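Peer 1: For reference, the structure I am asking about is given below.
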Amino acid sequence: MGVALITPFRKDDSVDYVALTNMVDYLIKNNADFLCVLGTTAETPTLTDDERNKIKRTVIERVNGRLPLLLGVGGNCTKAVVDQLKEEDMTGIDGILSVVPFYNKPSQEGIYQHYKAISAATELPLVLYNVPGRTGVNMTADTTLRIANEFKNVVAVKEASGDIQQANEIIKRKPKNFDVISGDDGITFPLISLGAVGVISVIGNALPKEFSRMVRLSLQGDSEGALVIHRRFTELFNLLFIDGNPAGVKAMLSAMNLCKNKLRLPLVPTRITTYEALRKVLVDLNIKF
């Protein structure tokens, strides 16, 4: 279970680096397997270059080699992504997560050429990130498999299309050295049953011990035990995303006193009704906070 790490903010809108280091310690202590830094859940589009660099260095220093780190490096300008990969110091980073280009809606050939270019720009393992609900374009199973077969440092896809049939097609036809990782907490259990190897999780920010247990049970073949946990979390999965991500998980973390319930515009906190519903679920799950 990897965690898509949030970016905590103070009330004055500045990055809360103390809360960030505390989050890293909390996740390591509670069985996260790796961290994904500066992804979607980190509100990365709202961060300045200086903030992104400081967050990266802060997490690297705090982790201090205790867990692998996946760094989000993506965008809709291929040259800018290539330049960042070539010029930025990647010491302490174990792999790159790179999202399908967004907004300009490239063709499948354009997506292929984008990843061809960025694969050549780094020696680090590269994880593709397909999230059409945010990018406006779906990377098809055929395109994913074409990239996986042609570029040796492309090692996995974070599949967040919500299309189980598409994920299953990739799993069935993928090369041996390529993995499928769930990008959606709510369908992680069924995807692992089909052959996915884990998840890059949002809910893992708040409940790493509980959610990682579900993932481990699934991977060990204990479907019955994993299903019990999956069903306990069903209501939480819905509440987490009803007002957008990371609004839901930040509301949870705020209720648990792990960070302030603060996002950067244009993102805003959950509605009070959602916040109270999340608190109730935490109580029902017997989560200490």
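Peer 1: Determine which single condition I242 fails, assuming it passes every other condition in (1) free of Cβ contacts under 8 Å to residues at least 40 places away in the same chain; (2) over 21 Å from I200 (Cβ atoms).
Peer 2: Exception for I242: condition (2).
Peer 1: Picking from L258, L227, L240, which residue would you name as being closer than 20 Å to T21 by Cβ and either out of contact with any strand residue (DSSP E or B) (no Cβ under 7 Å at 6 or more places or on another chain) or surrounded by fewer than 17 Cβ atoms within 10 Å (Cβ to Cβ) (or both)?
Peer 2: Exactly one residue qualifies, and that residue is L258.
Peer 1: Here is a further query. Could you name every one of the strands (runs of 3 or more DSSP E) located completely within the stretch 141-207 that has at least 2 residues being touching a strand residue (DSSP E or B) at 6+ places or on another chain (Cβ under 8 Å) and charged (D, E, K, R)?
Peer 2: 154-159
The rows are residues; the columns are (1) part of a helix (DSSP H, G or I); (2) buried (at least 17 other Cβ atoms within 10 Å of the Cβ).
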residue	(1), (2)
E51	yes, no
K54	yes, no
G65	no, no
G75	no, yes
V81	yes, yes
Q84	yes, yes
I96	no, yes
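Peer 1: Could you please let me know if G204 is surrounded by fewer than 16 Cβ atoms within 10 Å (Cβ to Cβ) and under 24 Å from D179 (Cβ atoms)?
Peer 2: When the stated conditions are applied, G204 does not pass them.
Read-outs throughout are calculated quantities, based only on the coordinates presented, and are distinct from any laboratory measurement. What you see is a predicted model; the values in this text were computed from it and never measured. Don't worry about glycine lacking a Cβ; one is built from the backbone with ideal geometry, like all the others, and counts go over all protein chains shown.
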